[in-house]
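Report on the following structure.
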Amino acid sequence: MSTFLQRKAATYLYRLCADIPAPWPAGAVQGGRRVGSDGNHVATDLFAAAVSSFGFDTQSPPFDCVDWSNDGADLTVSGTPFEAFPSPYSLGCDVHAPLVVISTLAELETADLSGRIVMLRGEIATEQLMPKNFPFYNPAHHRRIIYLLETKQPQAIVAATSRDLQGVGGVYPFPLFEDGDFNIPSVYMTEEEGNRLAEHSTATAAVLRGQEISLHSRAHRIPATGCNVIARKGCGKHPAQGSDPRRRVVLFAHIDARIGSPGANDNASGVVALLLLAELLADYSGRLGIEIVAMNGEDYFSNPGEQQWIALNAGRFDEIVLGINLDDIGYRKGSVAYSLYDCPADMANLIRRQFSAHRGLVEGELWYQGDHGLFLINQRPALAITSELLAELMADITHTPKDRLEIVDPAKLVTVALALRDLLLHLAQKYSLA
Ligand SMILES: [Zn+2]
């Protein structure tokens with residue numbers, strides 16, 4: 001059984017990562033499942049077809065989104081080129097203007113940016129700014145920066161960044177903006193390139209009188225659609241079809257990948273484990289509902305799939321006995337780690353007892369940057385499954401072209417699917433209504 005499932009896991013992984021339409025940008029040599037892209041549609045179609053074939057009642061509710069393409073940027077001062085990259089989901093531009101350099105929020109508060117290109121670097125550019133319409137978490141100083149920029153209307157923004165140590169450290173330089181709702185064109189570059197460019201700012205205009213920056217960014221937003229895939233078994237209706245009082249366990253794996261990354265571990269790994277689980281539950285007929293969701297948007301600026309799923313479940317969260325989220329579960333190094341959030345004691349005991357029977361599955365640290373947050377903000381107990389070495393992944397691999405098939409061990413996905421099957425069968429005995 002295990003060998004059969006491992007072979008299936010490897011095939012699914014290949015189809016979700018390597019066998020998907022040519023990616024953008026060219027640096028990502030395998031696949032691309034960014035929300036709304038062709039590869040994203042291939043992935044959701046594959047998921048829907050597979051879970052339906054295992055007897056799940058399956059829907060793929062659509063949402064609108066924007067896809068994005070770019071053909072680089074040219075930034076020059078008097079013919080001297082500087083290396084810059086269009087910020088993902090930014091508008092393009094073709095502008096010529098003096099440069100103003102801003103390093104702190106205080107400087108931004110008082111600066112006059114009209115008719116200028118503004119460079120953000122240093123303290124103000126140490127972490128990626130949350131997208132302006134991001135619904136779940138958005139610190140006040142991020143919102144203030146966005147507000148000031150939108151009020152002061154510079155011609156364009158150049159962000160000089162290093163590593164985002166609060167976020168994903170492997171992306172260098174990182175885009176300060178990744179926001180399809182923010183309409184000031186922006187590019188980003190390394191700190192070093194930023195230092196070189198800053199010598200041409202208006203502060204040194206006496207030396208470089210009359211010099212303007214030319215910035216041509218060839219980036220385009222493309223109207224697109226995407227969908228979640230919601231598959232149910234053991235319970236009647238979809239949320240969209242009206243109330244269903246029966247209890248259910250909900251399992252998420254986000255099916256989208258970060259722009260520019262093949263997303264093998266993040267999160268084809270979790271998606272494949274759900275596909276294996278769906279097959280293991282092909283004969284399931286318990287009274288406890290099981291809902292499997294290919295969530296489309298965890299790595300996209302506005303989380304469209306998450307917002308849609310929340311809306312479909314409004315007023316019905318009490319039905320959810322347990323929410324389970326699989327993200328980054330297949331890293332070939334280390335064990336698979338699970339963590340529990342707000343689980344009642346008897347449920348926590350049951351989970352620990354079931355999982356301790358599966359080798360390679362250990363209880364790990366709590367983490368909150370995943371879709372299990374959707375259960376927590378709605379006061380439902382949650383179980384998250386990820387790689388034990390998540391910190392190592394985040395520092396070097398996650399969201400980069402390095403997140404390739406080669407770093408994922410299909411056997412780990414089989415372990416997770418078998419452990420979840422056992423857990424769900426026990427939960428069905430314990431929690432289904434008579
Ligand atoms: Zn992820």
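The values are calculated or read from the model by the stated rules, or taken from the named source; none is laboratory data. As the structure is a computational prediction, the values presented were derived from the model and not from experiment. With ideal geometry, Cβ positions are generated from the backbone for all residues, glycine too; neighbour counts draw on all protein chains shown.
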Determine which member of the set V29, V77, V100, V95 is at pLDDT below 95 and within 19 Å of L176 (Cβ to Cβ).
-> V100
Please work out which residue is farthest from E298 (Cα to Cα), limiting yourself to region 376-388 and to residues that are within 16 Å of the ligand (Cβ to nearest atom) and not aliphatic (A, V, I, L, M).
-> E388
State whether the residues of region 416-426 include one that is farther than 21 Å from A345 by Cα and over 23 Å from the mean Cα position of the chain (by Cα).
-> yes
Being in contact with a strand residue (DSSP E or B) (Cβ under 6 Å, 6 or more places away or on another chain) and either at pLDDT 90 or above or of a type outside the set (D, E) (or both) narrows it down to one of A159, A140, so name that one.
-> A159
Conditions (1) surrounded by 20 or more Cβ atoms within 10 Å (Cβ to Cβ); (2) at pLDDT 95 or above; (3) not aromatic (F, W, Y): number failed by T398 = (2)
Taking D318 and the conditions (1) surrounded by fewer than 24 Cβ atoms within 10 Å (Cβ to Cβ); (2) of a type in the set (D, E, K, R); (3) closer than 20 Å to A9 by Cβ, which numbered condition does it fall short on, given that it satisfies the others?
-> (3)
Considering only residues that are in a loop (DSSP other than H, G, I, E, B), touching a Leu at 6+ places or on another chain (Cβ under 7 Å) and over 23 Å from Y89 (Cβ atoms), look in region 165-203 and name the one that is modelled with the lowest pLDDT.
-> S201
Right, A357: away from the ligand (no atom under 16 Å from the Cβ), farther than 19 Å from A382 by Cα, of a type in the set (A, V, I, L, M) and surrounded by fewer than 16 Cβ atoms within 10 Å (Cβ to Cβ) or not?
-> yes
Within region 82-110, of all residues that are in contact with a strand residue (DSSP E or B) (Cβ under 7 Å, 6 or more places away or on another chain) and surrounded by fewer than 17 Cβ atoms within 10 Å (Cβ to Cβ), the one nearest to E193 (Cα to Cα) is E83
Could you list, in sequence order, the residues of region 133-158 that are over 23 Å from Q369 (Cβ atoms), free of Cβ contacts under 8 Å to residues at least 12 places away in the same chain and among the small types (G, A, S)?
-> none
Evaluation of Y368 against (1) among the aromatic types (F, W, Y); (2) away from the ligand (no atom under 15 Å from the Cβ); (3) without any contact (Cβ under 8 Å) to a residue 40 or more places away in the chain (one fails), failing number | (2)
